[in-house]
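S.K.: I have a structure here, written as structure tokens, and I will follow up with some questions on it.
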Amino acid sequence: MEKNEWVRELLDDDKFHDECGVIGITSPGQKNVAKDIYFGLHSLQHRGQESAGIASNMYGNINCYKEMGLVQEVFNDDVMSKLPGDIGIGHVRYSTAGGSKVTNAQPIVVYSKFGSLALAHNGNLVNAVAMRNQMEDEGYIFQTDIDTEVIAALIARNLRNGTIEEAVQKTCRIAKGGFALVMTMGNKLIGVRDPHGIRPLCIGKTENGYILASESCVFALQGAKFVRDVKPGEMVVFEDGEMKSYMYGPEEYRMCSFEYVYFARTDSHIDGVGVYQSRREAGRILAREDKEDTEADLVIAVPDSGTVAAIGYAEESGIPFGEGFIKNRYVGRTFIQPTQEMRELSVMMKLNVLRENIEGKKIVMIDDSIVRGTTSVKIAKMLRDNGVKEIHMRISSPPVAYPCYMGIDTPDRDKLMAANKTIEEMREHIGVDSLKFLPVNGLKSCIGLGDNICTACFTGDYPVELIDQNYKTNKLFNDDRMVGEYDDIHAEDSKPTL
């Protein structure tokens, strides 16, 4: 295992990871909007810790700075002084498409005779390889290996035949997958959400302007009022203090369910659903599923992702909630040499067992998911070594059996424990006395959006055709389709509304 791969394994905690968070702010008349973006990125740091970047726009002139590291490591007063402007966008990244290197950090800035465009992207396209291959055959040269640059190149290409609004809509009609985009060009801030609404994006109103952000938790720090979520298939354009809305495609709502399970911060609201309440209800449903089957002395959580569900389980079951682990919050960015001894100690570097709370007890341990299962094995052993009598493991999501191709960093299917073992085999491998998962119907119930969620990582029911996964040597798009085959179909939908 390479050194950087081991570091990622240490930091990942055997979890899915959302690839990034985006923010855009327009504040007419203000000249240092980058400062507000900096603080906004702090609120989104949980969505990506590999790189951070800000692009500022002053009268159409764009300055951009991005680097590997956490937000507070990348930016300082000197850097911020070189990012003037009253419009800006920001990005934090955890790489899914494209390697972990500074050339793949965002925002992406494209310079053309039509002006400068800065773009930041949350999500993954399932047809990026097909589009990129065709564009390279036509002579395009790409500087990165991320799908964000493909989007930026297509927008620049479509600017030849229309306005920025038209170019973005044409591009988004052929981009397939999950995406939330923020961009700036000229005196405009633009936000776009994919037609399925897989990746989140919401709107806030400040005293002087507007904010676009991956999560509503950004708004409190900015003193902003939540306005609404961007609709699936919608583009919003902010110019001179006003907002216009364009529906560029039909709404086929399939919000990513893992936002509620794990990704989003617990104080966020996404598409009208509170993340905290969703996770709490998941725990309650788990307890109701157990009924009288499980006797235990204590409910504990694998911190922090299982904590809210554990609270719900305890409330519903009547079994007291207590702490079983103390989390070391400063293990973060450890780059020591990955010896075998350090690999074995990786979980204990992050979690210590609170022995006096759990010794001799039967416990229910709540976690949000099992991916590869490697961390679950180590945690179960730690509990056994500290005198736990019985371990009843409960997972506040269904078994993860399929990879995600729309914006989540997921192992191949042969590395997903639930894809290769029965639940009983998983229980035996992990070393717990019982193992139960939240059913898919329970997941839908706790989120409260019915079938309007994506459950592909649990069921294999993907909301879009996985074009790149089937892409060989044939061109899937001719030039007409590349520039937007749906223009006439959705001409009426493309009219702006105030």
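The values are calculated or read from the model by the stated rules, or taken from the named source; none is laboratory data. Since the model is a prediction, treat every value here as computed from it, not as a measurement. Quick reminder, even Gly has a Cβ in these numbers, built from the backbone with ideal geometry, and neighbours come from all protein chains shown.
S.K.: Looking at (1) of a type in the set (Asp, Glu); (2) surrounded by fewer than 22 Cβ atoms within 10 Å (Cβ to Cβ); (3) modelled with pLDDT under 95, which is the only condition residue 147 fails?
M.R.: (2)
S.K.: Looking only at region 306-316, which residues are more than 9 Å from residue 396 (Cβ to Cβ) and touching a strand residue (DSSP E or B) at 6+ places or on another chain (Cβ under 7 Å)?
M.R.: 307, 311, 314
S.K.: So residue 218 ticks every box in (1) assigned to a helix (DSSP H, G or I); (2) surrounded by 23 or more Cβ atoms within 10 Å (Cβ to Cβ); (3) of a type in the set (A, V, I, L, M); (4) out of contact with any Gly (no Cβ under 7 Å at 6 or more places or on another chain) but one. Which box is left unticked?
M.R.: (4)
S.K.: Taking region 283-309 on its own, how many of its residues are under 19 Å from residue 382 (Cα atoms) and out of contact with any helix residue (DSSP H, G or I) (no Cβ under 6 Å at 6 or more places or on another chain)?
M.R.: Of the residues in that region, 9 qualify.
S.K.: State all residues of region 387-407 that are more than 30 Å from residue 293 (Cβ to Cβ) and buried (at least 24 other Cβ atoms within 10 Å of the Cβ); if no residue qualifies, say none.
M.R.: Matches in region 387-407: 406, 407.
S.K.: Taking only region 126-160 into account, find how many residues are assigned to a loop (DSSP other than H, G, I, E, B), touching a residue at least 24 places away in the same chain (Cβ under 8 Å) and of a type in the set (Ser, Thr, Tyr).
M.R.: 1
S.K.: When you check residue 197 against the structure, is it within 23 Å of residue 105 (Cβ to Cβ), modelled with pLDDT of 90 or more and crowded, with 21+ Cβ neighbours inside 10 Å, yes or no?
M.R.: In short, no.
S.K.: Would you point out the residue of region 21-53, among those that are over 18 Å from the mean Cα position of the chain (by Cα) and charged (D, E, K, R), that is surrounded by the fewest Cβ atoms within 10 Å (Cβ to Cβ)?
M.R.: 31
S.K.: Looking at 153, 105, can you tell me which residue is assigned by TED's automatic domain parsing to the domain that holds residue 177, at negative phi and surrounded by 24 or more Cβ atoms within 10 Å (Cβ to Cβ)?
M.R.: Answer to the selection: 105.
S.K.: Return a yes/no flag: does region 41-56 have any residue that is at pLDDT below 95 and among the hydroxyl-bearing types (Ser, Thr, Tyr).
M.R.: Yes; the residues of region 41-56 include at least one that is at pLDDT below 95 and among the hydroxyl-bearing types (Ser, Thr, Tyr).
S.K.: Do you know which of the residues in region 54-77 that are surrounded by 18 or more Cβ atoms within 10 Å (Cβ to Cβ) and in contact with a Ser or Thr (Cβ under 8 Å, 6 or more places away or on another chain) is nearest to residue 114 (Cα to Cα)?
M.R.: Only one residue fits best here, namely 62.
S.K.: Could you run through region 161-197 and say how many residues are part of a strand (DSSP E or B) and farther than 22 Å from residue 408 by Cβ?
M.R.: Residues in region 161-197 being part of a strand (DSSP E or B) and farther than 22 Å from residue 408 by Cβ: 6 in total.
S.K.: Can you run down the residue pairs with Cβ atoms below 6 Å, 6 or more apart or on separate chains, where the first is in region 251-269 and farther than 15 Å from residue 368 by Cβ and the partner is buried (at least 19 other Cβ atoms within 10 Å of the Cβ) and hydroxyl-bearing (Ser, Thr, Tyr)?
M.R.: These pairs meet every condition: 268/216; 269/216.
S.K.: Look at residue 260 and say whether it is under 22 Å from the mean Cα position of the chain (by Cα) and hydroxyl-bearing (Ser, Thr, Tyr).
M.R.: Against the criterion (under 22 Å from the mean Cα position of the chain (by Cα) and hydroxyl-bearing (Ser, Thr, Tyr)), residue 260 qualifies.
S.K.: Something else now. Checking residue 305 against (1) within 24 Å of residue 405 (Cβ to Cβ); (2) in contact with a Ser or Thr (Cβ under 9 Å, 6 or more places away or on another chain); (3) not assigned by TED's automatic domain parsing to the domain that holds residue 371, only one condition comes out false. Which one?
M.R.: With (1) within 24 Å of residue 405 (Cβ to Cβ); (2) in contact with a Ser or Thr (Cβ under 9 Å, 6 or more places away or on another chain); (3) not assigned by TED's automatic domain parsing to the domain that holds residue 371 applied to residue 305, the lone miss is (3).
S.K.: Here's something else I'd like to know. Being part of a strand (DSSP E or B) and not β-branched (Val, Ile, Thr) is the filter; apply it to region 357-414 and report the residue that is nearest to the chain's Cα centre (by Cα).
M.R.: For region 357-414, the residue satisfying everything is 409.
S.K.: Sort out which residues of region 199-208 are closer than 13 Å to residue 40 by Cβ and of a type outside the set (S, T, N, Q), and write them in order of number.
M.R.: 202, 204
S.K.: What about residue 257, is it within 18 Å of residue 398 (Cα to Cα) and hydroxyl-bearing (Ser, Thr, Tyr)?
M.R.: So residue 257 passes the test.
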